[in-house]
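Down below is the structure, laid out as structure tokens.
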Amino acid sequence: MGSIVERKRKDGSTSYLAKVSVMKDKVIVHSEAKTFDRRPAAAAWIKAREKELSEPGGIERLNASSITLEKAIEKYEATARKPFGKTKVQVLNSLKAWPIGQEACIALDSQKLVEFGQWLLDGDREPSTVGNYISHLASVFAVAKPAWGIPLDMEAMEGARAVMTRLGIIARPKERTRRPTIDEASKIVEHFDRRAMHRSMPTPMATIVVFAIFSTRRQEEIVRIRWTDLDEEGSRVLVRDMKHPGEKIGNDQWCNLVPEALEIIKAQPRTADEIFPYTTDAITAAFTRACQFLGIEDLHFHDLRHEGISRLFEMGWNIPQVAAVSGHRSWSSLRRYTHMRQTGDKWAGWPWLAKMTAQTLL
């Protein structure tokens, strides 16, 4: 139902306030108003708006058009089947807090998305980091309209991503090729072994470093492995919440253990539910400090996994055999680890491996 209210301005002219209200079951479910200089214009607007709102889905479309990106993200979070990984939670929280979170979904076209990407880049973020933010934002775009009728345009997102890639605003992370040498690994393990002998190292880093190489496990996977996840007879372990592009929580997968990795596990004391009851923060900090102390440059803990996987290829293992240990599901993701430098097992006879399987370092 529409109405027009005449109002006198301070300059003596007349304005016309056009009002439109929609009632359902004797309750006003929507109302809006707009001011015009002429009565015919106000009447025409009322007629047009009443027609739009009376059409099937008119109110719903109007309500959807006012939903902000923040609300869309909250809807996305509330309807997720599984918990998100730590990185995705951090990204989504940032998106809600930034100015783009208050933008109406219907207004987020390709141009605004590109401007947002540039804003992220101007904030001293790497193109790979910007790409990560845009990727998580795209996951919201992908489901918002078909699932809930929220007007986030996936075509606009795809167009923006193409432009941002061409402009260098977003990019894939650079693939690392760094692998520890035997000499570097020996220095690191010896350093931790020496500290453990003086009881100044609560986390058995020497054992964890050697296990990381031969098991090919990530550090967050190592600390999650429980004794109940070990199938000693089958020489395999259940890796819980394995990293995956789409599912990082609840993505549990059995991975084979090479003999060296199984022997290291068998040498551990059963003092807790976890085989390695420690924290990733402690492992990262200890490994970083050790490399700095020893003068070993540009070596990350994850590079131990790289070494372990490349070792298997150098030993002549085929792709399915390596994937059964590493947990990779596709050749494209496993390919980056095939930096073969020799043939055979260069770690054969490594004295630190024998020590890790013969005793437990506390």
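Structural remarks
Here's the yes/no breakdown for (1) at pLDDT 95 or above; (2) surrounded by 16 or more Cβ atoms within 10 Å (Cβ to Cβ):
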site: S186; (1), (2): yes, no
site: R194; (1), (2): no, no
site: G246; (1), (2): no, no
site: N251; (1), (2): no, yes
site: T279; (1), (2): no, no
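- For segment 281-294, the candidate set comprises residues that are free of Cβ contacts under 8 Å to residues at least 60 places away in the same chain and loosely packed, with under 13 Cβ neighbours inside 10 Å; within that set, the residue that is farthest from the chain's Cα centre (by Cα) is Q292.
- Taken together, the residues in segment 117-130 that are small (G, A, S) and at pLDDT 95 or above amount to 1.
- Any hit, segment 333-343, residues being of a type in the set (S, T, N, Q) and closer than 19 Å to L262 by Cα: no
Residue-wise test of (1) at pLDDT 85 or above; (2) within 23 Å of A144 (Cβ to Cβ); (3) more than 48 Å from the chain's Cα centre (by Cα).
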position	(1), (2), (3)
V5	yes, no, yes
Y16	yes, no, yes
V27	no, no, no
R38	yes, no, yes
P56	no, yes, no
S66	no, yes, no
G101	yes, yes, no
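- The condition of being out of contact with any helix residue (DSSP H, G or I) (no Cβ under 8 Å at 6 or more places or on another chain) and either at pLDDT 95 or above or closer than 16 Å to N256 by Cβ (or both) holds for only one of Q292, Q321, Q359, that being Q292.
- R226 touching a residue at least 24 places away in the same chain (Cβ under 8 Å), of a type in the set (K, R) and buried (at least 16 other Cβ atoms within 10 Å of the Cβ): no
- Single match in L304, L299 (criterion: touching a residue at least 60 places away in the same chain (Cβ under 8 Å) and in a helix (DSSP H, G or I)): L304
- Within segment 76-89, being touching a residue at least 24 places away in the same chain (Cβ under 8 Å), surrounded by fewer than 17 Cβ atoms within 10 Å (Cβ to Cβ) and more than 24 Å from E220 (Cβ to Cβ) holds for one residue alone: T79.
- Of all the residues in segment 143-184, those that are in contact (Cβ under 8 Å) with a residue 60 or more places away in the chain and either surrounded by fewer than 16 Cβ atoms within 10 Å (Cβ to Cβ) or under 30 Å from A348 (Cα atoms) (or both) number 11.
- Restricting segment 313-324 to residues that are in a helix (DSSP H, G or I) and not polar (S, T, N, Q) leaves a set whose member that is farthest from the chain's Cα centre (by Cα) is E314.
- Among the residues of segment 265-277, those identified as surrounded by fewer than 18 Cβ atoms within 10 Å (Cβ to Cβ) and not in a loop (DSSP other than H, G, I, E, B) are K266, E274.
- Lone qualifier among G327, G349 - being closer than 17 Å to A261 by Cα, over 32 Å from the mean Cα position of the chain (by Cα) and at pLDDT 85 or above: G349
The values are calculated or read from the model by the stated rules, or taken from the named source; none is laboratory data. On a predicted model such as this, the values are computed, not experimentally measured, just so you know. Neighbour counts are summed over all protein chains in view; Cβ atoms, including those assigned to glycine, are modelled from backbone coordinates with ideal geometry.
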